[in-house]
Structures are given as structure tokens and as C-alpha cells.
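**Q** Following this message is one structure expressed as C-alpha cells.
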Amino acid sequence: MSIFQVATEIAPIAKVGGLADVVYGLSKELVATGHDVKIILPYYDFLKTKKLCAPKVICKSTFSCSSHTKIPVTYYDSKLEDLPLVLVKAEDKDHSFERGSIYGQMDDSYRFLLFLYLTMHYFETCEKPSLIHLHDWPTSFLAYLYKCDAMENSPLDPKIILTLHNMLHQGRTSKKPFEKLGIECSHLFKDDKLLDQNNPTLLNLLKAGISYADNITTVSPTYSKEIQTREFGYALDGALTQRKEALKGILNGIDHNYWNPSKDNSLKKEFPTTFQFEKIMKAKKANKEKLQTMFNLKDSKSPLFCTVSRLDTQKGPELIEHAITFSLDRGAQFFLLGSASDPLVKKQFEEVKEKYKGNPNFHMTDVFDENVARLVYAAADFIVIPSSFEPCGLTQMIAMRYYCIPIVRKTGGLADSVVDIDQDSALAVERVGFVFESKEKHDLEQCIERALALYLDKESYEEILSNHALQDFSWERSAKAYLKVYSK
Ligand code: ADP
Ligand code: GLC
């Protein structure tokens, strides 16, 4: 089986969030188990400076859908460690992939449709995959292109899988991007399977994938149920319910070599390879001291809480802010590593930063920096993840690898990966963190109080950390579940 991941992100070279980790981790596991996998992605300008095997030209071509659009394109072969990549370099006048970042441009629909048409062109002219795996709205429309557009003149019929990482972002688009590409599109705007539920004058690119992919997966079993409801489906719940036989929730994994606390250059002190409580505490202490020194935090013995997150309405910004206030009031420290793109959330946290300016128990840095993230996981005692929805969430899994106890809202993948330390129905070894259900501040406060109490109770604290060492969130199990879907 020749598997192509069609993606807009891959860790660590083109990463905005967990999707990048998933494309990397799943592909690594598939390669390790002997599968033929390639990842095709745009040749972003910022990739030039990254650790890649020198890209070699596979072929040069011209993409043309009408006499007035001719876009020169070059396809490159490269490797990220042992992962084969195909990089698509469009030479369009808008410099679509030379913008220094992946998303957030006014013409994102155009940019990613361009990437998909050029990817189709590659599959038609250079290499024929037997399975195509798509990720979220930027690549979802390829399912339609294969199943409907390409049928007549292309002998290809690969199996198409779409993974839904986040239903909030759906890629709604007018005719403009198609017209700019010189693509006749009036028939698209008559197809119910493509039209946006809320505004039928627009196409919904995510819906195109939901309608036309052979199989759909999402990134946790709980989220697969949630998205079939009005609250979490964002008007695509109906389309998903119609395809529920084809839909499966597979909990993400994390790559245990990539997130390896006993081999991590970003740490001051690495963790032992097996569970040895005293050594783990020593490593945590050394890493905490490094973080405190680096960011002018007080050299305090009190527990350190953290959040490592995109700061977005999805992530429960009100509750993150409340966790900061509440834990600082209780004498703890808080480190917030959060990057905001939403202007309102950005403003909210600028105010938080201002409010605690000079407070030696609080630090906020609004950059996206993986080295700092690694140090934070290793230094912090607790991570707060109060998401309003969370398709899977990786930070709770990564945190547990670094012996940082998660405090999570019971939603999506957080519900599937964190068992409360007081959950009687669970086995003692399964209990790893704190779980609250409502969006009320009071429930979060209770968890923080319980966390503070656990921190003082060394015996129970050790037991919970020893449970972290037993957790297996590696890709092995999840990749097997994907392979089952691939070969269905
Ligand atoms: P999402 O994909 O919704 O952002 P996930 O929990 O699935 O959430 O994945 C987040 C990924 O991004 C993790 O690898 C996490 O370590 C990383 N991350 C989040 N915020 C930052 C940041 N400010 N700096 C560095 N890494 C971050
Ligand atoms: C999305 C989701 C997150 C998930 C990640 C990887 O960004 O917000 O919950 O873990 O994709 O699947």
C-alpha cells in the first residue's frame, strides 16, 4: 500500500499545533512498521532554514486550468529524518507559500485550494498513491476532486481517509478562489454535499471531505460522538450523522522518541528511563530551577502550575485566567506559555500579563517555542487544560511523560486520556490526574485545591507519578487502528 499523507503541517518543521505532531508521529510509526508512507506538503518559505535533507527536484511542470492561469510548479523530494517528503513549490504571483506562516491569511482558501490542485496534478503526472490520508479543512476538498472531478480522465481510484482534528475550522469559501485558479465552479455551488449549511452561497471545504471521503476518523472516541451533536458539530453534525457508519474515533498517540524526557536537550536535567521517584524529583527540581532563573521567577518550593497552549476560545481562556488567579492566591506559582491569534483573547492575556507584572510567582510568554515548552513540561508539577472542547489534546499526554499532573475539563480526548485520582470505578493504576465537568470556576477551583493537597501528601503523589510511568500513549496502538481503517 502506498500511503500519502496530504498535510499542511508536520512537526517540528511546520507546526501550529497538535495536527503537526500527529502527521509526524503517525507517519513515523507507519514507516517503522514497514509501510510505504510519504507526506506531501507545501514548500513554505520558512522550511528552507529547517533541518531537511537537501530537497531535490522530482519534476517541473505547469498547472493550467484555463488559458489565463498558468502556474509553474516544482515538486521536490526531501526527507525529515526517515520520513520521505514531497514538497510542492508553487510559483504563483501571490507567493502563496512565502508568507512566513502557515495560516491566518485573508486568502487561506485560495492558498490551500492551490496546494490541492497542485497535489492532484502531482498524483496524475508523477506518482499514484493507493491511499490518501487528508487532515482537516485545508486538505479535505481533495476527496471531492478525486471522487468527482478526476473520475473521467483519471484511472486512479485511491482510498481516501479524512481525519477531523477540529470541527471549528471548516474553510468556507466563495467562488473567488476557484475563479482565480481558472476553474469552472458553478456546478460545485449546486452540490448540496458541498454547500455550507448556514450560508448556501458558500462552499464548505470540510464538508466536501466529510461527504466524499471513503472513511472519516476523528482524534478521540468521545469527540466522535460529540461532533454528531449540535453543540460540537458546528452545523456539520447532520452531515456527520449521515456518515456515521464511516466515522471512527481513534485516540491520538504521541511519539515517545520525540517526547522523551530521558533524552531531551531542552532540559537542564533529564529524567531516569525507569520509574525512580527520588531521581524524578531531583530532575523536576533542577528543571524548575532552570525555568525560574530563565524567567525571573522566585526560587520557590511551592508547586508550579502551567498551561502550554494556543490561546484561543477553544482552550477556555476565562478558566485559564481563573486558574492563574486562584493558584497564585493559594501561594503557588504559574507559568503560562501561550500564543494567541484571536485578537480578543490576545487582549485578555495582555491584561493578565500587565496585572501580574513584577509578580515573582507568575510568568507569561506569548511565543511559540518548543524548547521552552519542553522545559515547562519538565519543570511544572501540574498542567491546567480547561478546554471548552478538545478533539484530543496532546499536552496532557506529553505532560504525563514529563511527570506533570494534568488538571482537565472532561471533554473530547481529555475525557478519554485522563482518569481522576478519586475515580472509584477505575483501577488504582489508571488514576493519573484531576477531572472536572462543568465550565464553572468552582469545579476548577476544587481540582486545584485537591492538587495542592496531593502535592503535600508525598505517598499519594508518588503513586500518581508512578501511574504516569505506566501510561502508554505511544503511536503503536493508534497506528494499528488507522491501519485497520486503511485496509477496510
Ligand atoms: P492544539 O492542536 O489544539 O493546539 P494539542 O494539545 O493537540 O492542541 O497540541 C498542541 C501542541 O502544540 C503540543 O505539541 C504543544 O506542546 C504545542 N504547543 C502549544 N502551545 C505552544 C507554545 N506556545 N509553544 C510551543 N509549543 C506549543
Ligand atoms: C487539533 C485539536 C487537538 C488535537 C490536535 C491533533 O488541533 O484542537 O485537540 O489534539 O488537533 O489531533
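**Q** Can you say whether residue 53 is touching a strand residue (DSSP E or B) at 6+ places or on another chain (Cβ under 6 Å), surrounded by fewer than 21 Cβ atoms within 10 Å (Cβ to Cβ) and in contact (Cβ under 8 Å) with a residue 12 or more places away in the chain, as far as the supplied structure shows?
**A** yes
**Q** Next up: If you take the residues of region 414-432 that are of a type outside the set (D, E, K, R) and in contact with a strand residue (DSSP E or B) (Cβ under 6 Å, 6 or more places away or on another chain), which of them is nearest to residue 386 (Cα to Cα)?
**A** 414
**Q** Given the criterion more than 15 Å from ligand 1 (Cβ to nearest atom), closer than 20 Å to residue 366 by Cα, of a type outside the set (Asp, Glu) and touching a residue at least 12 places away in the same chain (Cβ under 8 Å), identify the matching residue among 297, 336.
**A** 297 is the lone residue from the list that is more than 15 Å from ligand 1 (Cβ to nearest atom), closer than 20 Å to residue 366 by Cα, of a type outside the set (Asp, Glu) and touching a residue at least 12 places away in the same chain (Cβ under 8 Å).
**Q** Further, regarding this structure: Considering only residues that are assigned to a helix (DSSP H, G or I), open to solvent by 50 Å² or more (accessible area, probe 1.4 Å), of a type in the set (Asp, Glu) and free of Cβ contacts under 8 Å to residues at least 12 places away in the same chain, which ones fall in region 423-448?
**A** Passing the criteria: none in range.
**Q** Restricted to region 451-469, and to residues that are among the aliphatic types (A, V, I, L, M) and without any contact (Cβ under 8 Å) to a residue 60 or more places away in the chain, which residue is most open to solvent (accessible area, probe 1.4 Å)?
**A** Taking region 451-469 as the starting set, the residues that turn out to be among the aliphatic types (A, V, I, L, M) are 451-454, 456, 464-465, 469.
Imposing the further condition that a residue be without any contact (Cβ under 8 Å) to a residue 60 or more places away in the chain reduces the set to 453-454, 456, 464.
Details: 453: 59, 454: 11, 456: 145, 464: 11 Å².
Here the residue is 456.
**Q** Among the residues of region 234-289, write down those that are touching a strand residue (DSSP E or B) at 6+ places or on another chain (Cβ under 7 Å) and either more than 19 Å from residue 164 (Cβ to Cβ) or of a type in the set (Gly, Ala, Ser) (or both).
**A** Residues satisfying the conditions are 246, 249, 288.
**Q** Identify, please: which residue in region 369-384 is in contact with a strand residue (DSSP E or B) (Cβ under 8 Å, 6 or more places away or on another chain) and more than 8 Å from ligand 1 (Cβ to nearest atom) and is, among those, nearest to residue 167 (Cα to Cα)?
**A** Going through the qualifying residues, I end up with 384.
**Q** Any chance you could count how many residues in region 245-282 are touching a helix residue (DSSP H, G or I) at 6+ places or on another chain (Cβ under 7 Å), crowded, with 17+ Cβ neighbours inside 10 Å and not in a loop (DSSP other than H, G, I, E, B)?
**A** Count: 4.
**Q** Then there is this: Pull up region 150-178, narrow it to residues that are open to solvent by less than 50 Å² (accessible area, probe 1.4 Å), over 17 Å from the mean Cα position of the chain (by Cα) and farther than 24 Å from residue 190 by Cα, then point me to the one that is modelled with the highest pLDDT.
**A** 161
The values are calculated or read from the model by the stated rules, or taken from the named source; none is laboratory data. Keep in mind that this is a model prediction, so the values were computed, not measured. Every residue, glycine among them, receives a Cβ derived from its backbone with ideal geometry; neighbour counts consider all protein chains shown. Heads up: the accessible areas ignore ligands, DNA and RNA and are worked out on the full protein's heavy atoms, side chains in. Shrake-Rupley method; radii C 1.70, N 1.55, O 1.52, S 1.80 Å.
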